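Quick notes on the structure that follows.
The values are calculated or read from the model by the stated rules, or taken from the named source; none is laboratory data. What you see is a predicted model; the values in this text were computed from it and never measured. Heads up, the Cβs are rebuilt from the backbone with ideal geometry, glycines too, and the neighbour counts pull from every protein chain shown. Protein only, heavy atoms only, side chains kept; ligands, DNA and RNA dropped before computing areas. Shrake-Rupley method; radii C 1.70, N 1.55, O 1.52, S 1.80 Å.
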Amino acid sequence: MKAAVYDRTGGPEVFRYDEVPDPELRPGGVIVEVKAVGVQGGDLLHRQRGEIPSAPHIVGYQAAGVVREVGDGVEGLAVGQPVVATMPAGSHAELVSLPAISVWPLPEGLSVREAAAVPIEFATAHDCLFEFGHLRDGETVLVQAGAGGVGVAAIQLAKAAGATVVATASSDERLERLREFGLDHPINYASADVAREVMNVTDGRGVDLVVDPVGGRVLETSIASLAYRGRVSWVGRAGRDDAVPDVWPLALKNATVTGVFLGAEMMMMPERTRPLAAELLERVAGGELRVVIDRTFPLAAAAEAHRYIESRQAFGRVLLIP
């Protein structure tokens with residue numbers, strides 16, 4: 001099969017499109033023929049500095065396609081069935097071998113391209129808001145990096161739950177687009193002081209919850225935007241900022257920061273996360289929630305796709321198509 005692989009970490013230029021051995025079918029698992037790869041922020045971070053268990057390495061956490069082979073002991077999945085799957089690595093390829101527990105059949109009406117941008121994005125946003133963020137009806141939420149995959153999902157989920165939604169993005173144009181997904185109060189972080197603007201739109205109170213997929217110094221802004229006893233769900237390092245944030249101001253507000261990592265939750269509590277992802281797929285298929293696909297690239301152009309995402313131009317998700 002063909003795959004986008006690399007032998008060393010670094011910038012997008014480390015990718016090469018090459019022939020690699022087909023993955024092996026294992027008992028309790030399936031082989032999926034990949035039709036669309038939802039490129040995650042974590043894919044970029046792993047390519048930059050993650051571990052390489054063996055070379056050449058195939059990066060990638062999520063892909064959708066059709067089942068090509070079914071292993072012994074697998075029930076509920078059949079050859080030719082459209083599915084979406086999550087994985088610790090391997091999505092940037094034509095084929096992937098997976099345990100059946102990591103695979104979800106697609107609901108009727110949901111395309112493989114849409115599905116490739118659902119489980120990680122929407123389940124991460126859901127956990128940030130509800131499982132760890134304890135969002136309640138009538139509260140106010142700040143979504144940092146609202147135009148990203150998790151950001152667009154979080155805005156929709158928060159609005160559907162009765163929250164007032166504040167979000168940041170890098171341009172007025174991107175913020176205007178977010179209004180159709182439920183954004184109430186836009187803040188252009190490139191031209192405004194985010195914490196000050198949050199206080200302006202909340203009459204000096206601050207927000208109850210922040211979803212922060214950026215980290216670094218942005219986490220300081222998230223803390224400064226909190227109301228008394230507010231919460232931050234810190235879910236990533238999209239800013240690629242190694243600065244250690246000053247979290248002392250949390251104590252002054254009796255506020256909290258909770259780290260959120262869906263991958264660990266899927267491993268430790270599949271009895272909760274598996275039905276959650278299935279429910280979110282159904283909500284997207286039914287039109288209650290929407291997937292935003294910014295652009296597609298051929299799998300052979302994985303370097304170009306990663307470079308485009310790093311330019312911060314994308315609105316929603318970028319897909320690779322084998």
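Among [x] 33, 56, 10, 0; [y] 35, 59, 5, 0; [z] 30, 58, 12, 0, which is the computed P(r) over Cα pairs in 20 Å bins from 0, in percent? Of the listed options [x] 33, 56, 10, 0; [y] 35, 59, 5, 0; [z] 30, 58, 12, 0, [x] comes from this structure.
The separation of the stretch 286-312 from the stretch 33-72, counted between C-alpha centres, amounts to 15 Å. For the pair residue 220 and residue 205, label points projected 7 Å from Cα toward Cβ lie 2.8 nm apart.
The apolar share of the surface of the chain, taken as the fraction of accessible area on carbon and sulfur atoms (1.4 Å probe, ligands and nucleic acids excluded), comes to 51 percent. Applying 1/(1 + (r/R0)^6) with R0 = 41 Å to the Cβ-Cβ distance of residue 196 and residue 288, what FRET efficiency is obtained, to the nearest 0.05? My answer for the efficiency is 0.75. Label reach from residue 171 (point 7 Å along Cα→C-beta): in the stretch 262-300, amide nitrogens under 15 Å belong to 294-295. Modelled label positions at residue 69 and residue 108, each set 7 Å beyond Cα in the direction of Cβ, lie 3.2 nm from each other. With both residues required to sit in the chain, DSSP beta bridges show an antiparallel share near 55%.
Shown here for the stretch 59-107: GluC sites (Glu not before Pro) in loop regions (DSSP other than H, G, I, E, B) with at most 13 other Cβ atoms within 10 Å, namely 75.
Charge tally for residue 26 (other residues, Cβ to Cβ under 12 Å; Lys, Arg +1; Asp, Glu -1): -3.
Placing dummy labels 7 Å off each Cα toward the beta-carbon, the span from residue 228 to residue 78 is 6.1 nm. For the stretch 1-108, trypsin sites (Lys or Arg not before Pro) are listed when DSSP marks them as loop and at most 13 other Cβ atoms sit within 10 Å of their Cβ; the list is 8.
Using alpha carbon centroids, what distance separates the stretch 240-284 and the stretch 151-205, in Å? Taking the Cα centre of the stretch 151-205 as reference, the centre of the stretch 240-284 is 20 Å away. Once the 1.4 Å probe is applied to the protein heavy atoms, the chain comes out at 43 Å² accessible per residue. Relative to the current alpha-carbon distance between residue 267 and residue 54, full extension at 0.36 nm per residue lengthens the span by 74.5 nm. Magnitude of the charge dipole for the chain, about its Cα centre and with charges confined to Cβ atoms of Lys, Arg (+1) and Asp, Glu (-1), is about 440 debye.
Secondary-structure-derived ellipticity at 222 nm for the chain, considering helices only, amounts to -8000 deg cm²/dmol, per-run term -39500 (n - 2.57) for DSSP H runs with n ≥ 4.
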